[in-house]
Amino acid sequence: MKVKTISRIEEDYTRECKSDILKVHRNLDPALHPMHRAKEYKRALNATKLDKVFAKPFIGALEGHSDGVMCLAKSPTQLSVAASGAADGEIRLWDVPSRRALRLLMGHTGAVRGISVTHDGKRCVSCGDDATVRVWRMPQAGLGEMFSSGGADVPTKEASLVCHSKTGGGFRDVDCHWARNCHATAGSAVELWTSDRSEPTATFTWGVDTVLSVRFNPVEPDVFASCGSDRSIALYDVRTQTPIRKLVMQNKCTKLCWNPMEAFNFTVANEDTNLYSYDMRKLTTATCVHRDFVSAVLDVDYSPTGREFVAGSYDRTVRIFDFNGGHSREVYHAKRMQRVFCTRFSMDGTYVLTGSDDMNVRCWKAEASAQLGTLLPREKRKKQYQAALKDRFKHMPEIKRIARNHHVPKAIHKAQKLRRVMTDSETRKKKRRVDHAAPGSEKKEFKPARKDRIVAEVE
């Protein structure tokens, strides 16, 4: 039997003293450059710097509302159509590429808190503080039907169906079923409605005063989740009309959104300036904690790819996070932008729509340095090559520092520094309390941030 062994002389690879010159063995293969890795690292570094130089995320503002924009909705069948609801009761349908209002829907006497489009794109459902749910017909003949009907100059005041709340009080949110013509509203309870009845078909309550948000699961549409004012996150099943599981946190959650690709995962926006991602199969521990905001987070929405999501905050900024990243990838803000109440990804994942308290709907690029318009084949190949290089060397200190550096307003920068100091101080206190606790006491175990904000889980 022949055994092949590889042997090396130790003297060729070691030095007797520090002053000796270390022998560098060259790769004699002409197809592989000896400085290939160094060249690619330099290219990744330059690509990261150029992304910051050419970062111009803001595209334009959709003007027309006379009060703060409270909610947004996107059409699943028409890429360029979006809907927005304001605090003055107006609902506007927008043609995003042309940045003009196509139709004005008037019927609510109070602020519009929630708006959603059905899965077939034929109807639009809205709810608000006036304790009514209104179903509007969406045009199906394209944008020509909207313009032929007069557009935004001739408001539509008659809804196809008007439903009144049976539990009392206004509504805070609405979401349409992904497979059937029914929708759920969030108010004093979660009520399930159909598009042809003016009374709810089912009511779900689980010890909560006000339900703030409700969302159907995109893969298993008979399962939906809700956030309540009692700091709870509840899961319900429509088929059995029973609650499944409930999670209680230390702070109140404002909005909730499911991951469209991994439908057992969802992300909630919390008032403690963080976002928490959970697995519905195990709610005792958050899968990821998303930081960087300095004020309460008001809305969250996933990209259709499920790889990232956008969130808006009370601190007047919009941030884009990776689904498993703890820190934001992009930070968007404008000088005149006020508190961001609602955020939405476009159906192709290329753009981001935000509604704020300054009466404007703003359109942003999902990638701040992305080039608008049609790219040539060589430009696409170059972009893909640079993206692969940045992903390969993203762990390098210099590239990581440049990628995480964002220009933010001075007030937010100071608040971030102060919050970082407060967080570090609180962490040190908890560790000292654990170190000096008596043996066998409950304080002997240090809880990470993924578990620290959870109070209890109820089944």
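Numbers at a glance
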{"quantity": "Fewest-first sequence of 295, 66 by Cβ atoms within 10 Å of each Cβ", "calculated": "66, 295"}
{"quantity": "Solitary cysteines of the chain, where the nearest other Cys Cβ is not under 4.7 Å", "calculated": "17, 71, 124, 127, 163, 176, 182, 257, 288, 342, 363"}
{"quantity": "C-alpha long axis of helix 410-435 to longest principal axis of the chain, angle in °", "calculated": "70 degrees"}
{"quantity": "Structure-derived mean projected area of the Cα convex hull in nm²: which label, when the choices are (1) 33.7; (2) 21.7; (3) 31.4", "calculated": "(1)"}
{"quantity": "Relative contact order, percent, the chain [alpha-carbon distance under 8 Å, six or more residues apart]", "calculated": "13 percent"}
{"quantity": "Electrostatic dipole magnitude of the chain [Cβ: Lys, Arg +1; Asp, Glu -1; Cα centre; debye, to 20]", "calculated": "2360 debye"}
{"quantity": "Taking 62, 50, 104, 79 and counting other C-beta atoms within 10 Å, the order from fewest to most", "calculated": "50, 79, 104, 62"}
{"quantity": "Order of 203, 343, 14 - criterion: other Cβ atoms within 10 Å of each residue's Cβ, fewest first", "calculated": "14, 203, 343"}
{"quantity": "Gyration tensor (alpha-carbon) shape descriptor, region 182-236, a/c threshold 1.5", "calculated": "oblate"}
{"quantity": "Charge tally in the Cβ shell below 13 Å around residue 245, where Lys, Arg are +1 and Asp, Glu are -1, residue 245 excluded", "calculated": "-1"}
{"quantity": "For region 225-277, with +1 on Lys and Arg beta carbons and -1 on Asp and Glu, the positive-most of 226, 275, 241 along the dipole", "calculated": "241"}
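Each reported figure results from applying straightforward, stated rules to the coordinates on display, with no laboratory input. These numbers were taken from a predicted model, which means no experiment stands behind them. Cβ coordinates were reconstructed from backbone atoms using ideal geometry, including for glycine residues, and neighbour counts include every protein chain displayed.
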